[in-house]
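Student: Quick one: the structure is below, questions incoming.
The values are calculated or read from the model by the stated rules, or taken from the named source; none is laboratory data. Since we're looking at a predicted model, the values are computed, not measured. Methodologically, a virtual Cβ is constructed for each residue, glycine included, from the backbone with ideal geometry; neighbour enumeration extends over all protein chains shown.
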Amino acid sequence: MANSRFTYVRDFELADKVLPNTWMLVRIDGKGFHKFSTTHNFTKPNDKRALDLMDRAAKQVLTEVADVIVAFGESDEYSFLVRKQSKLYNRRQSKILTLIVSLFTSAYVYHWRDFFPDLPLAYPPVFDGRLVPYPGVTEVRDYFKWRGVDTHINNLYNTTFWALVQQGGQSTAEAHKTLSASHQGH
């Protein structure tokens, strides 16, 4: 902003710096992706095209943001680890978060046709995000272990659920009930 009598409005910006010497973990998540995947006829339980598109969008983030050193994806979410010593945007949380979420989302839309050449987007996908600072390697390692366990549990459930629907002839409501009943038995 040029030096003018209006420059004072910058004083209203928050200084939202992430603590120094902490790892920054950005996790993005598809908003309303159950509806999105249904509208776009994703193959259940895992649509390879959709998963490959998520990976392509993540690669764009890794290419454009040098301080992102690890990425991990599952379903409609992706996690990005920003190096501990990063000075990216002077460690301003809102700038880092919006950069990664908007870059991922724009890459997802931009590359849609590469993975779904005969299926136009019915409406734009939406991703939300959060940035969490972690103090040490132990917490970062445990974070990725947590995401790995969640991936395994969700994939096991979804694979079983869709097998009951597609091969077992159950309705989605019946499949949910079957899995709920078997879960309560343990």
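Student: Of the conditions (1) out of contact with any Lys or Arg (no Cβ under 8 Å at 6 or more places or on another chain); (2) part of a loop (DSSP other than H, G, I, E, B); (3) surrounded by fewer than 18 Cβ atoms within 10 Å (Cβ to Cβ), Asp11 clears all except one; give me its number.
Tutor: Checking Asp11 against (1) out of contact with any Lys or Arg (no Cβ under 8 Å at 6 or more places or on another chain); (2) part of a loop (DSSP other than H, G, I, E, B); (3) surrounded by fewer than 18 Cβ atoms within 10 Å (Cβ to Cβ), the one that fails is (2).
Student: Asn158: touching a residue at least 40 places away in the same chain (Cβ under 8 Å) and either surrounded by 14 or more Cβ atoms within 10 Å (Cβ to Cβ) or among the β-branched types (Val, Ile, Thr) (or both), yes or no?
Tutor: Values: touching a residue at least 40 places away in the same chain (Cβ under 8 Å): yes; either surrounded by 14 or more Cβ atoms within 10 Å (Cβ to Cβ) or among the β-branched types (Val, Ile, Thr) (or both): yes.
Here the answer is yes, as Asn158 does meet what is asked.
Student: I'm trying to understand the selection: among the residues of segment 88-104, which are within 10 Å of Met24 (Cβ to Cβ) and β-branched (Val, Ile, Thr)?
Tutor: First, pick out the residues of segment 88-104 that are within 10 Å of Met24 (Cβ to Cβ): 88, 91, 93, 96-97, 100.
Ile96, Ile100 - these are the residues of segment 88-104 that are within 10 Å of Met24 (Cβ to Cβ) and β-branched (Val, Ile, Thr).
Student: Working only within segment 54-87, note down all residues that are in a loop (DSSP other than H, G, I, E, B) and either β-branched (Val, Ile, Thr) or over 13 Å from the mean Cα position of the chain (by Cα) (or both). Walk me through it before giving the result.
Tutor: Initial filter on segment 54-87 (in a loop (DSSP other than H, G, I, E, B)): 65-67, 75-76, 83-87.
Correct list: Val65, Ala66, Asp67, Arg83, Lys84, Gln85, Ser86, Lys87.
Student: Could you please let me know if Arg49 is among the basic types (Lys, Arg) and closer than 28 Å to Glu13 by Cβ? Before the answer, list the steps.
Tutor: Working: among the basic types (Lys, Arg): yes; closer than 28 Å to Glu13 by Cβ: no.
So Arg49 fails the test.
Student: Moving to a separate point now. I want to confirm something. Restricting to segment 19-33 and keeping residues that are in a loop (DSSP other than H, G, I, E, B) and closer than 20 Å to Leu103 by Cα, which single residue is farthest from the chain's Cα centre (by Cα)?
Tutor: Going through segment 19-33, the residues in a loop (DSSP other than H, G, I, E, B) turn out to be 19-22, 31-32.
Then drop every residue that is not closer than 20 Å to Leu103 by Cα, which leaves 31-32.
Details: Lys31: 9, Gly32: 12 Å.
Looking at residues that are in a loop (DSSP other than H, G, I, E, B) and closer than 20 Å to Leu103 by Cα, I get Gly32.
Student: Right, here's the next one. Since His176 meets every condition but one in (1) surrounded by 13 or more Cβ atoms within 10 Å (Cβ to Cβ); (2) more than 20 Å from Gly32 (Cβ to Cβ), which condition does it not meet?
Tutor: Condition not satisfied by His176: (2).
Listed here are the residues, each with its yes/no results for (1) surrounded by fewer than 16 Cβ atoms within 10 Å (Cβ to Cβ); (2) under 17 Å from Phe161 (Cβ atoms).
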{"site": "Lys31", "(1), (2)": "yes, no"}
{"site": "Phe36", "(1), (2)": "no, no"}
{"site": "Phe42", "(1), (2)": "no, yes"}
{"site": "Val61", "(1), (2)": "no, no"}
{"site": "Glu64", "(1), (2)": "yes, no"}
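Student: Okay, next question. Give me the pairs: first residue in segment 76-97 and in contact (Cβ under 8 Å) with a residue 40 or more places away in the chain, second residue small (Gly, Ala, Ser), beta-carbon distance under 6 Å, and six or more apart or on different chains, which are they?
Tutor: Once the first residue is in contact (Cβ under 8 Å) with a residue 40 or more places away in the chain and sits in segment 76-97, its partners that are small (Gly, Ala, Ser) give Asp76/Gly30; Tyr78/Ala58; Phe80/Ala71; Leu97/Gly129.
Student: Tell me, please, whether a residue that is modelled with pLDDT of 95 or more and hydroxyl-bearing (Ser, Thr, Tyr) can be found in segment 82-89. Working first, answer last.
Tutor: From segment 82-89, those modelled with pLDDT of 95 or more are 82-89; that's our starting set.
Okay, now just the ones that are also hydroxyl-bearing (Ser, Thr, Tyr), so 86, 89.
Yes, segment 82-89 contains at least one residue that is modelled with pLDDT of 95 or more and hydroxyl-bearing (Ser, Thr, Tyr).
Student: Identify, please: which residue in segment 46-103 is out of contact with any helix residue (DSSP H, G or I) (no Cβ under 6 Å at 6 or more places or on another chain) and basic (Lys, Arg) and is, among those, farthest from Asp16 (Cα to Cα)?
Tutor: Lys48
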